[in-house]
Every structure is written in C-alpha cells, then in structure tokens.
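A.B. asks: Quick one: this structure, given as structure tokens, is what I'll be asking you about.
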Amino acid sequence: MFQIIVDSAANIPAELVRQYGIRVVSFTNYVNDQPLVCFDPDLTPEQERQKGKEYYDAIRSGINVRTGLISSGDFEEVFRAVITSGEDAIYFSLSKNISGTYNSARIAAETVMEHYNNGHKIFLIDSLNASLAQGILAIYASEMRDQGMSAADVAAELKSYPARMNGVFTVGDLKYLAQTGRVTNAAAFLGNVLSIKPILHGNKDGFIVPVKKCRGRKSSINTLISLLCDNITEPEKQIIGIAHADAYEESLYIMEEIQKRVHVRGFINTSYDYCTGSHVGPDTLALFFMAKDRELGV
C-alpha cells in the first residue's frame, strides 16, 4: 500500500477524500488578515456548497483575501510520517508555473529522502494544472491502488496523464484576472463593459492562457461545453470535473448539456477551492477532462 497526497487546490470534495483514502495538505488564506484553512475534511457536499457561496459572496462584497504557499516544512512533516510508517507516497501538485507549491514539496521530499533510506519513495507528479485536474488524477491513482498496483507502477502510469488532462474555464468578472496580472486593468474594464467573457485553459507547460473570447455569459458557458464534447477521448471511462465559484445552477445546466452529447462515467460537481478560486473570482466555471493532448480544437 501507499499514500496518495494532494494540496487542497486539488478541489476534491471531503466526501470523496474519505471515500478514496486521499490525504490533503491544506492551503491557508488570509481573509481580512484572519487565517482561513481552505479544506475542512468533515463537510458534506451541501455544506461545502453553502460555505462556498458565503465565501464568494464575501469576495463580491470586497473583503481582502491573500493566498500563500504551503511551506516545505509542512510537506516535510507529512512526507516523513508516510516514509517512517513504511509506506511510499505519491503527491499530485498544483502546476509549478501557477504556484511555488511544487517546489516546496520537492525540497521537502529531497530532505526526507536524505534522512530516511529505508527503501520507500516519494513520487511527485506536477499536474501542470489546478483544481480537479489534480483531484481526478489522485482519484484514478486511488482506484489503481485498490487494484493492487504499486506506487512506482501508478506513478509511472499517471506521469503521462497531465499532458492530456485539460482544464478550461470562464470567469464572471475580469477584475480578478487583472489582480493576478493575467489581463490588464484597462482590458478588464473594457471587457466587462462589453460583456466579453474569455475562455482560458492550462496549456501543456502549465501556464494559464486564453483560448478564445465570447460575447456574453451564455455563449461562454456553451463554448466550455463544446470544448469538452468536441475534444474528450473515451468519455465512458472518464470522471468529468466541474468546479464553480457560486454558480451552482449554471453548473447543473452544464452537466445536463454534456450528457445530451456524450456518455461519461460520472461527474464531480463542487464549489471552487478557496485558494485558486480567489484568483479567478466569483461566478467562475471550470471543466476538467482528458483529451488526446492540451491543444484543444476551437
């Protein structure tokens, strides 16, 4: 056996964390300078949705949110506990080109392995993405573990998956992308006035880049649906991820429309995690799925 570890940006609902035996290392945000641990392992899906609504409503009202890294010390503590218990570990990271979290985990893993040469290993897999693009990989790893595969074999199998795991999303208000430098303030202002809704995705190198521009919310949502349905491979084998920043009704519409066009194995539909959700803002909608690569046809 081995342990599967994610950071809380992986956006796996607490119910599924328990079901699949996944360990979560949580980010901490600072809301009006008060710490907010981003993952609560005891919440039901309904509670997660309600707390997500409260959080994104607070952002709409203008609260000050700061995000930070998970320290190498935090990762070291987790990795040391796994290795000294006589198990291997696989950690699925938020993209190193979005966050420094992967580097924190790498430093921690190297430190632990220098001190404990007991034959067990720590495997790091950079999702080159965020949210459920990480989380679904961890769930697939759990299923492989249940089939009796070793950590080394699972890591070798899943190492190629990030090149095919796509995340596409649209936002409600461009000002949050402007705050992170992904669009200029002027472009955000003009885009909001003209109701321009960009479609963005994580490219093959793990950077967030634009795919196309849509006029109006409905058009952007339907474009997300088409991107998934036109590019997904072997949908019947896939768990599809939907993350929404207090846009639950629209997420249900997306599920219904996808099921009209393709038959998928299942869905995870959940409130956007606080860490990455703070950067994209309320009303963001994101879809996560496997395609032949990250070069989506538009």
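A.B. asks: Kindly list the number of the only condition in (1) within 16 Å of the chain's Cα centre (by Cα); (2) more than 17 Å from THR276 (Cβ to Cβ); (3) basic (Lys, Arg) that fails for ARG80.
C.D. replies: So ARG80 meets the others, but not (1).
A.B. asks: When you scan the stretch 248-260, do you find a residue that is open to solvent by 10 Å² or more (accessible area, probe 1.4 Å), farther than 24 Å from GLU48 by Cβ and not hydrophobic (A, V, I, L, M, F, W, C), even just one? Break it down stepwise before answering.
C.D. replies: Looking only at the stretch 248-260, we keep the residues that are open to solvent by 10 Å² or more (accessible area, probe 1.4 Å), and these are 248-250, 252-253, 255-257, 259-260.
Subsequent filtering for residues that are farther than 24 Å from GLU48 by Cβ retains 260.
Narrowing the set further to residues that are not hydrophobic (A, V, I, L, M, F, W, C) leaves 260.
The answer is yes; a qualifying residue exists.
A.B. asks: Moving on. From the residues in the stretch 119-162 that are touching a Lys or Arg at 6+ places or on another chain (Cβ under 9 Å) and of a type in the set (A, V, I, L, M), which one is nearest to THR270 (Cα to Cα)?
C.D. replies: The selected residue is LEU128.
A.B. asks: Something else: What number of residues within the stretch 158-176 satisfy the criterion of being assigned to a helix (DSSP H, G or I) and in contact with a strand residue (DSSP E or B) (Cβ under 9 Å, 6 or more places away or on another chain)? Talk me through it step by step, then tell me what you get.
C.D. replies: Going residue by residue through the stretch 158-176, those that are assigned to a helix (DSSP H, G or I) are 158, 161-163, 175-176.
If we keep only those that are in contact with a strand residue (DSSP E or B) (Cβ under 9 Å, 6 or more places away or on another chain) too, we end up with 158, 161-162.
Looking only at that region, the number is 3.
A.B. asks: Having 1 or more residues that are at pLDDT 95 or above, farther than 29 Å from ALA58 by Cα and in contact with a strand residue (DSSP E or B) (Cβ under 8 Å, 6 or more places away or on another chain) is the bar; report the strands (runs of 3 or more DSSP E) wholly within the stretch 177-275 that clear it.
C.D. replies: Values: elements: 196-202, 208-215, 239-244, 266-271.
Because the criterion is at least 1 residues that are at pLDDT 95 or above, farther than 29 Å from ALA58 by Cα and in contact with a strand residue (DSSP E or B) (Cβ under 8 Å, 6 or more places away or on another chain), the strands (runs of 3 or more DSSP E) in the stretch 177-275 that meet it are 239-244, 266-271.
Table: residues versus (1) in contact with a Lys or Arg (Cβ under 8 Å, 6 or more places away or on another chain); (2) surrounded by 21 or more Cβ atoms within 10 Å (Cβ to Cβ); (3) at pLDDT 95 or above.
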site	(1), (2), (3)
ASP7	no, yes, yes
GLU46	no, no, yes
GLN50	no, no, yes
ILE63	no, no, no
GLY68	no, no, no
GLY73	no, no, yes
GLY86	no, no, yes
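A.B. asks: When you go through (1) of a type outside the set (A, V, I, L, M); (2) touching a strand residue (DSSP E or B) at 6+ places or on another chain (Cβ under 9 Å); (3) over 21 Å from LEU128 (Cβ atoms) one by one for ASP40, which number turns out not to apply?
C.D. replies: (2)
A.B. asks: Among the residues of the stretch 276-298 satisfying the criterion of being among the hydrophobic types (A, V, I, L, M, F, W, C) and outside any strand (DSSP E or B), which is farthest from GLU46 (Cα to Cα)? Outline the logic, then answer.
C.D. replies: Restricting attention to the stretch 276-298, the residues satisfying the condition of being among the hydrophobic types (A, V, I, L, M, F, W, C) are 280, 285-291, 296, 298.
Right, trim to outside any strand (DSSP E or B) and you get 280, 296, 298.
Details: VAL280: 22, LEU296: 33, VAL298: 35 Å.
Ranking the candidates gives VAL298 first.
A.B. asks: A further question follows. Considering only the stretch 106-128, how many residues are open to solvent by less than 30 Å² (accessible area, probe 1.4 Å) and either at pLDDT below 95 or touching an Asp or Glu at 6+ places or on another chain (Cβ under 9 Å) (or both)? Before the answer, list the steps.
C.D. replies: Narrowing the stretch 106-128 to residues open to solvent by less than 30 Å² (accessible area, probe 1.4 Å): 108-109, 112, 122, 125-127.
If we keep only those that are either at pLDDT below 95 or touching an Asp or Glu at 6+ places or on another chain (Cβ under 9 Å) (or both) as well, we get 108-109, 112, 122.
The number of residues fulfilling the criteria is 4.
A.B. asks: For LEU296, state whether it is modelled with pLDDT under 95 and either of a type outside the set (Asp, Glu) or open to solvent by less than 10 Å² (accessible area, probe 1.4 Å) (or both). I'd like the intermediate steps shown before the answer.
C.D. replies: Values: modelled with pLDDT under 95: yes; either of a type outside the set (Asp, Glu) or open to solvent by less than 10 Å² (accessible area, probe 1.4 Å) (or both): yes.
Against the criterion (modelled with pLDDT under 95 and either of a type outside the set (Asp, Glu) or open to solvent by less than 10 Å² (accessible area, probe 1.4 Å) (or both)), LEU296 qualifies.
A.B. asks: Additional query: List every residue pair whose Cβ atoms lie under 6 Å apart, where the two residues are 6 or more positions apart in sequence or sit on different chains, the first residue falls within the stretch 45-70 and is under 20 Å from PHE267 (Cβ atoms), and the second residue, located anywhere, is open to solvent by 40 Å² or more (accessible area, probe 1.4 Å).
C.D. replies: That search, which allows pairs on different chains as well, returns PRO45/GLU15.
A.B. asks: List the pairs whose first member sits in the stretch 12-26 and is farther than 10 Å from GLY135 by Cβ, whose second member is of a type in the set (S, T, N, Q) and open to solvent by 30 Å² or more (accessible area, probe 1.4 Å), and whose Cβ atoms are under 8 Å apart, counting only residues at least 6 apart or on separate chains?
C.D. replies: Short answer, once both residue conditions are applied: ALA14/THR44; GLU15/THR44; ARG23/GLN3.
A.B. asks: Still on this model: Given the structure, is ILE136 under 30 Å from ASN203 (Cβ atoms), open to solvent by less than 20 Å² (accessible area, probe 1.4 Å) and at pLDDT 95 or above? Reasoning before the result, please.
C.D. replies: Numbers: under 30 Å from ASN203 (Cβ atoms): yes; open to solvent by less than 20 Å² (accessible area, probe 1.4 Å): yes; at pLDDT 95 or above: yes.
So ILE136 fits the description; yes.
A.B. asks: Filtering the stretch 1-49 down to residues that are basic (Lys, Arg) and assigned to a helix (DSSP H, G or I), which residue is nearest to GLU76 (Cα to Cα)?
C.D. replies: Keep residues of the stretch 1-49 that are basic (Lys, Arg), which gives 18, 23, 49.
Going one step further and asking which of them are assigned to a helix (DSSP H, G or I), we end up with 18, 49.
Numbers: ARG18: 22, ARG49: 31 Å.
Only one residue fits best here, namely ARG18.
A.B. asks: While we're on this one: With respect to ALA141, determine if the residue is crowded, with 19+ Cβ neighbours inside 10 Å, within 19 Å of GLN238 (Cα to Cα) and in contact (Cβ under 8 Å) with a residue 60 or more places away in the chain. So that I can check it myself, show each step before the final result.
C.D. replies: Numbers: crowded, with 19+ Cβ neighbours inside 10 Å: yes; within 19 Å of GLN238 (Cα to Cα): yes; in contact (Cβ under 8 Å) with a residue 60 or more places away in the chain: yes.
The answer is yes for ALA141.
The values are calculated or read from the model by the stated rules, or taken from the named source; none is laboratory data. Because the structure is predicted, anything quoted here is derived from the model rather than measured. Don't worry about glycine lacking a Cβ; one is built from the backbone with ideal geometry, like all the others, and counts go over all protein chains shown. These area figures cover heavy atoms from the full protein model, side chains too; ligands, DNA and RNA do not enter into them. Shrake-Rupley method; radii C 1.70, N 1.55, O 1.52, S 1.80 Å.
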